[in-house]
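Presented below is the structure to which this report refers.
The values are calculated or read from the model by the stated rules, or taken from the named source; none is laboratory data. Given the structure is predicted, the values throughout are model-derived calculations rather than measurements. Note: ideal-geometry Cβ built from the backbone for every residue, glycine included; neighbour counts use all protein chains shown.
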Amino acid sequence: MNDNDRDTLLAAAVALRAEGHREEARQRLLALCSAFPDDATIAYQTAWAHDVLGLEAEAVPFYERALAAPGLTEEDRRGALLGLGSTYRVLGQYGKAVGTLREGAEEFPGDGALRTFLAMALFNTGEHHEAMRLLLELLASGSTDPSVREYHEAITYYAQDLRATV
């Protein structure tokens with residue numbers, strides 16, 4: 001199989017997943033993984049195909065392979081970090097979830113989804129203050145609600161320490 005075949009087959013599998021033919025997409029991606037075991041993009045797409053089917057434990061090694069190999073686009077790397085971190089959290093591997101999502105949030109500081117999922121994982125590890133800080137900062141910086149915007153400064157201040165008094 002050459003690179004043109006790889007690109008065509010990968011695009012077809014991703015389209016199947018997007019169209020709701022998730023199991024067929026997963027099967028095709030597994031075949032592509034066998035043919036291209038060092039391809040980070042195929043590994044990422046295979047992880048995603050498992051994740052959307054609720055096969056989180058099976059998704060993990062594909063996410064790990066994708067992140068370990070070179071070749072992911074920036075957007076796919078962001079998605080793989082989010083996917084792996086979220087999957088670890090769903091599987092109850094909270095420490096790994098925090099580590100992965102923290103890495104993602106540091107690498108992609110403007111990504112609100114990474115920070116949101118990190119906050120959920122932090123909650124699961126009992127780090128409630130940091131979880132609330134992340135969510136309050138995200139709310140203060142991104143809300144379009146006029147009443148939240150009105151209290152932006154106060155929300156940002158209290159995000160640093162919810163125990164603070166004036």
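Brief remarks on what is shown
- Residues satisfying the stated conditions in the range 106-133, i.e. more than 21 Å from GLY92 (Cα to Cα) and either assigned to a helix (DSSP H, G or I) or aromatic (Phe, Trp, Tyr) (or both): GLU106, GLU107, PHE108, GLY112, ARG133
- Residues of the range 69-103 that turn out to be surrounded by 18 or more Cβ atoms within 10 Å (Cβ to Cβ) and in contact (Cβ under 8 Å) with a residue 24 or more places away in the chain, as a count: 17
- Taken over the range 11-40, the residue count meeting the criterion of being surrounded by fewer than 19 Cβ atoms within 10 Å (Cβ to Cβ) and of a type in the set (A, V, I, L, M) is 8.
- ALA66 being in contact with a Pro (Cβ under 7 Å, 6 or more places away or on another chain), at pLDDT 95 or above and surrounded by 14 or more Cβ atoms within 10 Å (Cβ to Cβ): no
- Output for the range 30-51, where each listed residue is over 14 Å from ALA80 (Cβ atoms), in a helix (DSSP H, G or I) and of a type outside the set (Ser, Thr, Tyr): LEU30, ALA31, LEU32, CYS33, ALA35
- Among the residues listed as GLU58, GLU23, the single one being without any contact (Cβ under 8 Å) to a residue 24 or more places away in the chain and assigned to a helix (DSSP H, G or I): GLU58
- The single condition from (1) in a helix (DSSP H, G or I); (2) loosely packed, with under 13 Cβ neighbours inside 10 Å; (3) under 20 Å from the mean Cα position of the chain (by Cα) that THR8 fails is (3).
- Exactly one residue out of VAL98, VAL14, VAL60 is in the same structural domain as GLU130 (by TED's automatic domain parsing) and of a type in the set (Val, Ile, Thr), and it is VAL98.
- GLY112 vs. criteria under 26 Å from ALA164 (Cβ atoms) and outside the structural domain of ASP5 (by TED's automatic domain parsing): yes
- Check on ARG163, surrounded by 18 or more Cβ atoms within 10 Å (Cβ to Cβ) and either basic (Lys, Arg) or free of Cβ contacts under 8 Å to residues at least 12 places away in the same chain (or both): no
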